[in-house]
Amino acid sequence: MNAPPRYELFALADGEPKLTVDEDTKIPNAATITVNKEDHTLANMLRAQLLLLDYVTFAGYRIPHPLEPRVVIKIQTDGSCTPIQAVQAACDELIRALVVVKNQFSNEVNRATLMREADQGMDGVEGGGYNGF
Amino acid sequence: MPSTSEMEARKLVKLGREKVHDISATDFPGHHPGESHHWDLEQFKAKLQVHINSLSSSAIEFDLVGVDASVANALRRIVIAEVPTVAIETVYIWNNTSIVQDEVLAQRLGLVPLAVDPRKLHKKASNDEEPTDLNTIVFDLVVECEKNKEAKKGETDPSKLWNNTEVLSSMITFTPKGSQDQTFSSNPPRPAVGGILLAKMRGSQKIVAELHCNKGTGKEHAKWSPVATASYRLLPTIDLRGPIPLPLHSKFQSCFPPGVIDISTGHVVVADPRKDTVSREVLRHPEFEDLVSLGRVRDHFIFSVESAGQYFPEQLIVEAVGVLSSKLYALKLSLNDLVL
């Protein structure tokens, strides 16, 4: 009865920013980033990649409430880069890694389909009631 | 630098009788003194392996080795919920004299998987946006149950007494609107599976409905999910730490699913750990408990993805990686805007 509409899980509301950054006043080189309309899918990946950067001393994420699609990421670096630069670097690395995964996967698929066509003698795709795109 | 065997040992999640140890990865900078574990693209490229075990038009099983658990999980979550597909969203029921209520019929129609290329349709900006030929596909469902004039006298089988006693998903017909004649000429939209029973009718019952289909994602409603299911498991490892006495060989073999342990040569050999379902039955027997150590390889993911019919499974994974990349890219752009 009180359930909010499902599109609110991924569609930003009017005037709602995607991210807000809060620099920590008491701890040097630390920042808290609040990302709206995101969940574990992105946040866990980002956190794991941040931990793999040499200059990051602390990286963690939290979802303050399971019913609200908001993620809070806390980062602290050793000073050679700002926390924002660290997140940008992590994003870049992840995008590059995903490109590699996609290419390797596509190559494997091509190999598998070629082998299957060779076995079947170019009969085409087997089964299914549809022909794909 | 630690030895290869130590590096291999670090990759394992250890499964004890009651507890699971070493669940998290430890290869990040600062954890092992003197070793450098920062992420390197070339090293990642070298270590990444993708191997397709089986591929059919409806399902794919493949191995993804060398990625972190967070990436594999993100991929799984995206395949289930964030790859867009097309499904029936609005049903205009002009006539329904069947037993099945309007709303029940509409709900069932929504769940019918459609073989429509989602890349050819735009997503509606909001639910109230006007339907156009660029964002909506219209199907018609017109079925009438009439008396079969050729039925024999005294026939009791309702499928012979009447025509169209069952409304199946194959009875949904596509009506192109506007420019859809050209866009969908090569591959007309149709239900991915024809035999889905939507309603049963008798007598002079009729269903006349117009179905509007929109693009959406599984996050909004499960009908837009392109998979029957997508899951992954980690590759199990069985390490024999001591010799198993000969009389106990067959008992040891029976603790595992068939094909995992081979005792034909007189020695216990782990033939195929991949077939193991890791029930940890061995650890329940005191005579075997110390001779075996069970584990899972932390970065070896065996994915199993079953498509519901909208995409071919191999295209689905590629789309999923694309969606994940675009999410990261959007985040990066927002960060750049903030910094500038």
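The Cα center of the range B:63-81 and the Cα center of the range B:260-303 differ in position by 25 Å. Mean residue ellipticity, 222 nm, helices only, chain B: the sum of -39500 (n - 2.57) across DSSP H runs of n ≥ 4, divided by residue count and rounded to 500, is -6500 deg cm²/dmol. Exposure proxy for B:HIS37, B:HIS267, B:HIS300: other Cβ atoms within 10 Å of each Cβ, ordered fewest to most, give B:HIS267, B:HIS37, B:HIS300. Note on chain A: helix-only mean residue ellipticity at 222 nm, from DSSP H runs of 4+ residues weighted -39500 (n - 2.57) and normalised by residue number, equals -13500 deg cm²/dmol.
Using amide H atoms built 1.01 Å from N in the peptide plane, name the residues 5+ places from B:ALA228, or on other chains, whose amide H lies under 5 Å from its own. Result for B:ALA228 returns B:GLU306, B:SER307, B:ALA308. Which of A:LEU42, A:LEU12, A:LEU114 moves most in a GNM of chain A, Cα contacts under 10 Å? So, out of A:LEU42, A:LEU12, A:LEU114, the one fluctuating most is A:LEU114. For the residues B:LYS11, B:LYS215, B:LYS251, a GNM of chain B with alpha-carbon springs under 10 Å puts the largest fluctuation on B:LYS251. Altogether, the Stokes-Einstein calculation at 10 °C and 1.306 mPa s, with the Kirkwood radius of the range B:13-85 over Cα pairs as Rh, returns a diffusion coefficient of 102 µm²/s. Label-to-label distance, B:SER326 versus A:ASN36, with points set 7 angstrom from Cα along the beta-carbon direction: 2.1 nm. Once the C-beta distance of A:ASP119 and B:ALA228 is scaled by a Förster radius of 30 Å, the resulting FRET efficiency is 0.70 to the nearest 0.05. Taking a quarter of the surface of the Cα convex hull of the range B:163-242 gives a mean projected area of 11.3 nm². Sorted from longest to shortest, the spans of the Cα atoms of the range B:203-335 along the three principal axes equal 71, 63, 25 Å. Working from Cα positions, state the angle (0 to 90°, nearest 10) between the long axis of helix B:313-339 and the longest principal axis of chain B. Tilt of helix B:313-339: around 80 degrees. Which pairs in the list B:LYS45/B:LYS223; A:LYS74/B:LYS120; B:LYS14/B:LYS332; A:LYS37/B:LYS223 are over 31 Å apart, alpha-carbon to alpha-carbon? From B:LYS45/B:LYS223; A:LYS74/B:LYS120; B:LYS14/B:LYS332; A:LYS37/B:LYS223, over 31 Å: B:LYS45/B:LYS223; A:LYS74/B:LYS120; B:LYS14/B:LYS332.
Among A:GLU93, B:GLU129, the ranking by other beta carbons within 10 Å of each residue's beta carbon, starting with the fewest, stands as B:GLU129, A:GLU93. State the Cα centre-to-centre distance between the range B:31-61 and the range B:110-166 in whole Å. Centre-to-centre distance over Cα atoms comes out at 45 Å.
Put simply, the C-alpha atoms of the protein assembly as shown give a gyration tensor, and the ellipsoid matching it has half-axes of 46, 35, 20 Å, longest first.
Amide H contacts of B:VAL292 (H built 1.01 Å from N, in plane; Pro and chain starts excluded): B:ARG241 sit under 5 Å, all sequence-distant by 5 or more or on other chains. Within the listed set B:GLY259, B:GLY110, B:GLY295, the residue fluctuating most in the Gaussian network model of chain B (springs between alpha-carbon atoms under 10 angstrom) is B:GLY259. Ordered by the count of other Cβ atoms within 10 Å of each Cβ, fewest first, B:SER170, B:SER54, B:SER70 give B:SER54, B:SER170, B:SER70. Computed from backbone phi, the HN-Hα couplings of the range B:58-68 come to 10, 9, 9, 10, 9, 9, 10, 10, x, 9, 7 Hz, rounded to whole numbers (Karplus: 6.51 cos²θ - 1.76 cosθ + 1.60, θ = phi - 60°; Gly and Pro given as x). Between amide H atoms placed 1.01 Å from N, distances below 5 Å from B:LEU111 occur with no residue 5 or more places distant or on a separate chain. Taking θ as phi - 60° and the Karplus parameters 6.51, -1.76 and 1.60, the scalar couplings of the range B:98-113 work out to 7, 6, 6, 5, 3, 5, 5, 4, 5, 5, 5, 5, x, 7, 6, x Hz in sequence order, x denoting glycine and proline. Can you check what the net charge comes to around B:GLU220, using other residues whose Cβ is under 13 Å from the Cβ of B:GLU220 (Lys, Arg +1; Asp, Glu -1)? Net local charge, B:GLU220 excluded: +4.
No value in this document is a laboratory result; all are computed from the given coordinates. Keep in mind the model is a prediction, meaning the values are calculated, not measured. Cβ coordinates were reconstructed from backbone atoms using ideal geometry, including for glycine residues, and neighbour counts include every protein chain displayed.
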